[in-house]
């Protein structure tokens, strides 16, 4: 999985890759999922708080869940201010090529928690840590990527609704972020840098969340052949549709 994520200017430190989580919680995605917009055929790594199979399209089930009975992540606990569970963590070290002083990556976070549990304690979260610092942030540089921080009411320009039965995106998840890009600059190419991708449920182990990390997107930001996709202008779906969906879905809790 680590190798699949690396692009030009960045190489894996041999023997450094470690995955912690259920075996069914991580895997690869491929094909035109529409999640990455104009990048038809995009492929990469999928990390989830449940099962990767629960991310498969279409969105025909309101509460896809896999309880793996695992603990969470202390790093993610700190972000959401409480206990996380069923964490899926991929960590590895990289070195930059000579003359490279930065790296970037692209991803989209999705969840079955949308939209019924926005604003509740079930605040599933994704973190992307570089040398211990979380860089999975909105463009303001401070807002983390979680259910309660990116949704139809808060930071809605970074959110895409994917309603039951009429979802526009190739996944079971009821909502997902636009494609987000993080860039780290001023890095020392002479040292090893630790990357850690982490996702977890908050306060329970049901209603899966997942993060799609684009393959070969961990790369030198100065070596990008095409512009980053700008998906922040996705139009919001009609509020009446969201209301009907919220009323229609049976709650697990």
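Spin-label model, residue 154/residue 61: points 7 Å from Cα along the beta carbon direction are separated by 2.9 nm. The length gained on full extension between residue 83 and residue 183, counted as 0.36 nm times the residue separation minus their Cα-Cα distance, comes to 33.2 nm.
Remind me, relative contact order of the chain in percent, using alpha carbon pairs under 8 angstrom and six or more residues apart?
The value is 32 percent.
Return the FRET efficiency for the residue pair residue 23, residue 192: r is the Cβ-Cβ distance, R0 is 35 Å, and the value is rounded to the nearest 0.05. Plugging the Cβ-Cβ distance into 1/(1 + (r/R0)^6) gives 0.80.
Fully extending the segment from residue 97 to residue 166, taken as 0.36 nm per residue of separation minus the present Cα-Cα distance, adds 20.3 nm. Within the listed set 141, 82, 110, the Gaussian network model of the chain (springs between alpha-carbon atoms below 10 Å) gives the highest mean-square fluctuation for 141. Dividing the helix sum by the residues of the chain, where each DSSP H run of 4 or more adds -39500 (n - 2.57), gives a mean residue ellipticity at 222 nm of -2000 deg cm²/dmol. With 0.36 nm allotted per residue and the present C-alpha distance subtracted, the residue 74-residue 3 stretch has 23.0 nm of extension available. Taken over the alpha carbons of the stretch 8-92 as equal point scatterers, the Debye sum produces base-10 log I(q)/I(0) values at 0.23 Å⁻¹ of -1.18.
Here, the chain is characterised by an Rg to Rh ratio of 0.95, where Rg is the alpha-carbon radius of gyration and Rh the Kirkwood radius.
Any read-out appearing in this document is the output of simple, stated calculations on the displayed coordinates, not a laboratory observation. Quick caveat, the model's predicted, so the values are computed rather than measured. Glycine gets a Cβ as well: all are built from the backbone with ideal geometry, and neighbour counts include every protein chain shown.
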